[in-house]
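Note sheet for the following structure.
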């Protein structure tokens, strides 16, 4: 029995997703893997390509839930050079075995990569060859060029911070997870509405910690602000009404096969009331659901 036949026999009828993440060192591949791990992916970094099929078999064999399986693997220049030559053939074998395979390439401009390495003082993986940082980046681009050409999606992280990249990955691949993924996002009205919001709740009517000089430096994630807002009856009513409304309507989205819903909560500055409510709602739904994420636009 060949590799493809063995995989078909082991997969049975459940759907399996495999995301192969690659790209420039310093571009954010580790950040992307962590975002996928938050979505329930089984994540492995720097795995030799020759072991990909074994990994898929092992995950499938150990899955007793009967749910869809989702795996993410990081591949980069730390892998042996012949690994990159095997990627197309291995992906083809897995696809023939009814695995949904996705190759994602995370790119970044050279000047940004140099700045990131300078700020973190980390060594480039190819620096052991005696190359300067600029030459190491150029050599890495040459090595990875075939994978970049094969990629289903190329993500440029040059103008993204860590949190924005995590959010981009999460929103893009929530459909591979089981059930509805919720993103609770806080924001400031003075900077405009989030363009991807499905629901928007306005918290500007609530008592504002900003007007207390002792609370102003903190955010809604900090204990002094949480304690202040916990004591406000109006805030408690707002939270109860919002959560009851979501409890009533979120199941409708699940019935409509939606995989991702963004719930945005705004206040004037996006630091106190909206952050507090986003954190509180996320904590509430994490007691009921697996895939709940948080993004604080004005704190990032």
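Computed from the coordinates by the stated procedures, all read-outs in this text should not be read as laboratory data. All of these numbers come straight from a predicted model, not from anything done at the bench. A quick note on method: Cβ atoms are made from the backbone with ideal geometry, for glycine too, and the neighbour counts reach across all protein chains shown.
Principal-axis analysis of the Cα atoms of the chain puts helix 29-38 at an angle of about 60° to the longest axis. Sorting 234-240, 94-100, 128-134, 167-173 by average packing, meaning the other beta carbons within 10 Å per residue, from highest down gives 167-173, 94-100, 234-240, 128-134. Of the peptides 269-279, 156-166, the order by per-residue mean of other Cβ atoms within 10 Å, starting with the highest, comes out as 269-279, 156-166. Per-residue extension of 0.36 nm, minus the Cα-Cα distance of residue 96 and residue 150, leaves a gain of 17.8 nm for this segment. The slack in the chain from residue 122 to residue 222, taken as 0.36 nm per residue of separation less the alpha-carbon distance, amounts to 32.9 nm. If the viscosity is 1.306 mPa s and the temperature 10 °C, what translational diffusion coefficient in µm²/s does Stokes-Einstein give for region 181-299 when Rh comes from Kirkwood over Cα pairs? So the translational diffusion coefficient is about 110 µm²/s. Of interest is the spacing of the C-alpha centroids, which for region 109-167 and region 191-220 amounts to 36 Å.
Would you mind checking the tilt of helix 273-286 against the longest principal axis of the Cα atoms of the chain, expressed as 0 to 90 degrees and rounded to 10? Here the helix axis deviates by roughly 60 degrees. Can you give me the angle between helix 133-150 and the longest principal axis of the chain, using Cα atoms only, in degrees from 0 to 90, rounded to the nearest 10? The angle comes out near 80 degrees. Dividing the summed helix terms, -39500 (n - 2.57) for each DSSP H run of n ≥ 4, by the number of residues in the chain produces a 222 nm estimate of -14000 deg cm²/dmol to the nearest 500. Rg and Dmax over the alpha-carbon atoms of the chain stand at 22.2, 72 Å.
Scoring 27-36, 192-201 by mean Cβ neighbours within 10 Å over their residues and listing the highest first yields 27-36, 192-201.
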